[in-house]
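K.L.:
Take this structure, written in structure tokens, and hold onto it; I'll ask about it next.
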Amino acid sequence: MLYVPNDKERDPRVNLAIETYLLQNMPLDEPILLFYINEPSIIIGRNQNTIEEINKEYVDEKGIHVVRRLSGGGAVYHDLGNLNFSFIMPDDGNSFRDFKKLTEPIVEALHKLGIEGAQLKGRNDLVIDDKKFSGNAMYSTNGRMFAHGTLMFDSDIDEVVNALKVKKDKIESKGIKSIRSRVTNIKDYLPTDKQDMTTEEFRQAILLQIFGVDSVDQVKTHELNEADWKAINQISDEYYKNWDWNYGRSPEFNLERQKRFPIGSIEVRLDVANGEIEKAKVFGDFFGLGEIKDVENQLIGTRYEKKALEESIDQIDLTHYFGNITKEDFLSLIY
């Protein structure tokens, strides 16, 4: 096995690009192991509706990255207390979906660190005492594959809940809904003498156990060079820093919102596809001038993201069509 050190990068848009680069370009004479730690971020499954999976208002307020990955499965929250691993290898035709086989090195490493209760449960979750600490996914292309997962070592559980909490407004989606379950941190189960371990120290401990060595110097490594980084940054720009990839690939969804203001009730129904509003209907008992169709036409073709909606609403004379309502009021209705 070959290890690719990645000690300092914390941007999920770059870390996922490293994984993609290794999958697409590195010789796979032997399996490759990659670890990465991300600053606060939500990583969306390949087939999910991004808007449906996140608490968008909270995510925007906190500046949390939202990035779509190549693999399927559900949305997960990452922070500096979470260690991510990826095994990159040839697709031998037997390993894809064999989560037991491909999480075994992690489970065995945890056992050696004193966490004997760690085990695979169900399809793709690692648990301790029936509490999930790792979700796993796979991706295969052109005879190559990776199996990757999270290791919640010392994550902020409150942030996990806050960032992934979906609003109760009706969102009917053709996407795949995440299945959320109780979660826990690995650190809570470490022996007393390891309780002060940092995420970085935990990464090193897992690395040594997987390779069966006593020192990092004994681990076979590949250091990313300038040419590697050039290709990685290009992948990051084309995919993981690209709104169209992270939001625009979301499956179609229909959104219905209704809110009562002093000027009356307004109801908006939107059909969103490829991240843009395709259809818009506005109803209500407000007293306005002009044709409400003008408002609907202005919204059609707008990206369903805050900045684009704000710019579109700026083109509408809201007082003319609705009465005394502010831009912030109308934005809070449709977003």
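K.L.:
May I ask you to give the percent of accessible area on the chain that is carbon plus sulfur, with a probe radius of 1.4 Å?
P.N.:
Within the chain, the accessible surface is 44 percent carbon and sulfur.
K.L.:
Using alpha-carbon positions, what is the distance between the centroids of the range 300-330 and the range 73-94, in Å?
P.N.:
40
K.L.:
Determine the relative contact order of the chain: mean sequence separation of Cα pairs under 8 Å and six or more apart, normalised by residue count, in whole percent.
P.N.:
Contact order relative to length: 17 percent.
K.L.:
For the chain, with every protein chain kept in place, what is the accessible area per residue (1.4 Å probe, Å²)?
P.N.:
Spelled out: the 1.4 Å probe surface of the chain, per residue, equals 48 Å².
K.L.:
Let me ask another. For the chain, what is the calculated [θ] at 222 nm in deg cm²/dmol (nearest 500), taking -39500 (n - 2.57) for each run of four or more DSSP H residues and dividing by its residue count?
P.N.:
The helix contribution divided over the chain gives -8000 deg cm²/dmol.
K.L.:
Using Cα springs under 10 Å in a Gaussian network model of the chain, which residue among VAL216, VAL76, VAL59 shows the largest mean-square fluctuation?
P.N.:
VAL216
K.L.:
Using the structure shown, select from LYS112/LYS230; LYS121/LYS194; LYS230/LYS307; LYS112/LYS241; LYS62/LYS112; LYS131/LYS306 the pairs with a Cα to Cα distance greater than 32 angstrom.
P.N.:
LYS112/LYS230; LYS112/LYS241; LYS62/LYS112; LYS131/LYS306
K.L.:
Starting from the Cα gyration tensor of the range 173-281, take the square roots of the eigenvalues, sort them a ≥ b ≥ c, and report rounded, prolate or oblate (rounded when a/c is under 1.5, otherwise prolate if a/b is larger than b/c, else oblate).
P.N.:
Taking the square roots of the gyration eigenvalues as a ≥ b ≥ c, the range 173-281 is oblate.
K.L.:
Can I ask one more? Between ASP285 and THR192, what is the spin-label point distance in nm, taking each point 7 Å from the Cα along the Cα→C-beta axis?
P.N.:
With each label point 7 Å from Cα toward Cβ, the separation is 6.8 nm.
K.L.:
I would also like to ask the following. Express the C-alpha Rg of the chain as a ratio against the empirical globular expectation 2.2 N^0.38 Å, rounded to two decimals.
P.N.:
Taking N as the residue count of the chain, the ratio is 1.15.
The values are calculated or read from the model by the stated rules, or taken from the named source; none is laboratory data. The shown structure was predicted, so the numbers you read here are calculated from the model rather than taken from an experiment. Virtual Cβ from ideal backbone geometry, glycine too; neighbours counted across all protein chains shown. With ligands, DNA and RNA removed, areas are computed over all heavy atoms of the protein, side chains included. Shrake-Rupley method; radii C 1.70, N 1.55, O 1.52, S 1.80 Å.
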